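Data block below; observations after.
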Amino acid sequence: MTKNEIYPKMSEAIVAGDRVAARALAEEAVRSGLDLLEVVEKGYVPGIQKVGELWEQGEYFLPELITSAEAMKAAMSVLDPELNRKGVGTRMGGKVVIGTVEGDIHDIGKNLVASMLQAGGFEVIDLGADVKLEKFIETAEAVGAGMICLSALLTTTMANQRRLIGLLRDKGLRDKYKVLVGGAPASRKWAEEIGADGYAENAVAAVKLAKSLAGHS
Ligand code: B12
């Protein structure tokens, strides 16, 4: 299958919530030696974006969202180890602690950012979703990370991005870490307002930003 044939099929598999097809297409992409970053961005991401639109239009409900999220996870479970392997040996970026903030269970976008950072040469410690703010700091301190990435998809939980920065200040640790924020309600303006080091609107931009903040592009 050519790229032009396989990318729409990947997107369709996510929209249909078809785990088996999503996984099989990812395996085919690996076998064919396709650029896996491009596969994620042009094959799978348009699918999950479409799912978001269908939800907003009231066409999709919770069960559809969950099966689509599962299909995305199935594809990423094939692609992640490959992306990870490629990053090995070029881990120049340092350690990054990432998670979705407390009170928020959305993890699809965060998982994409984590995968892309890993592929981009960072060592990624993914704490998952609904992560206690203290846990981000404890982990960053324990592993010697240089960067903390906070995802939030709810207008209510984005306040936790601000709180995390406040906690770092209280502990005298603010200057030790670069803090990146993202997720649908975040913006460049929000990042500035809360004193974060940066904001990126998607996973590819997140890697670029992380690299420039880590001192190499
Ligand atoms: C899928 C989904 C769900 C799934 C989540 C499954 C999962 N495992 O993640 C389920 C069904 C479980 C769910 C639950 C809920 N959801 Co929901 N959900 C969505 C939906 C449709 C898509 C989100 C998504 O995955 N997008 C695709 C990914 C790829 O995009 P992304 O997350 O934005 O991530 C990209 C960028 O933002 C960026 N990025 C993300 N994180 C980071 C971090 C950093 C550091 C950086 C730099 C960049 C970055 O890069 C990513 C990749 O390109 C959105 C609608 C939308 N359009 O966003 C609603 C949405 C976020 N949900 C919403 C709501 C209200 C809920 C619920 C409260 C519903 C309910 N009443 O139960 C619960 C939340 C419970 C909780 N406590 O968290 C609202 C939020 C409204 C608001 N303003 O707060 C939205 C906007 C829908 C709506 N229009 O009403 N949801």
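For segment 169-183, the set of residues classified as free of Cβ contacts under 8 Å to residues at least 60 places away in the same chain and under 17 Å from SER151 (Cβ atoms) consists of TYR177, LYS178, VAL179, LEU180, VAL181, listed by residue number. Among the candidates ARG188, ARG162, the residue that is basic (Lys, Arg), closer than 24 Å to VAL204 by Cα and touching a helix residue (DSSP H, G or I) at 6+ places or on another chain (Cβ under 6 Å) is uniquely ARG162. Taking segment 160-217, which residues are closer than 21 Å to ASP130 by Cα, part of a helix (DSSP H, G or I) and of a type in the set (A, V, I, L, M)? Result: LEU164, ILE165, LEU167, LEU168, ALA191, ILE194, ALA203, ALA206.
Taking residues in segment 33-62 that are without any contact (Cβ under 8 Å) to a residue 12 or more places away in the chain, and partners anywhere that are surrounded by fewer than 11 Cβ atoms within 10 Å (Cβ to Cβ), the pairs with Cβ atoms closer than 8 Å and at least 6 places apart or on different chains are TRP55/PHE61. Please specify each residue of segment 100-128 satisfying the condition of being more than 17 Å from SER77 (Cα to Cα), more than 9 Å from the ligand (Cβ to nearest atom), surrounded by fewer than 22 Cβ atoms within 10 Å (Cβ to Cβ) and not charged (D, E, K, R). The answer is GLY121, and nothing else. Taking segment 22-35 as the range and being farther than 21 Å from PHE61 by Cα and part of a helix (DSSP H, G or I) as the test, the residues that pass are ARG23, ALA24, LEU25, ALA26, GLU27, GLU28, ALA29, VAL30, ARG31.
We did not get these values from a lab; they are worked out from the coordinates using the rules stated. The model shown is predicted, which means the values in this text are computed figures rather than measured ones. With ideal geometry, Cβ positions are generated from the backbone for all residues, glycine too; neighbour counts draw on all protein chains shown.
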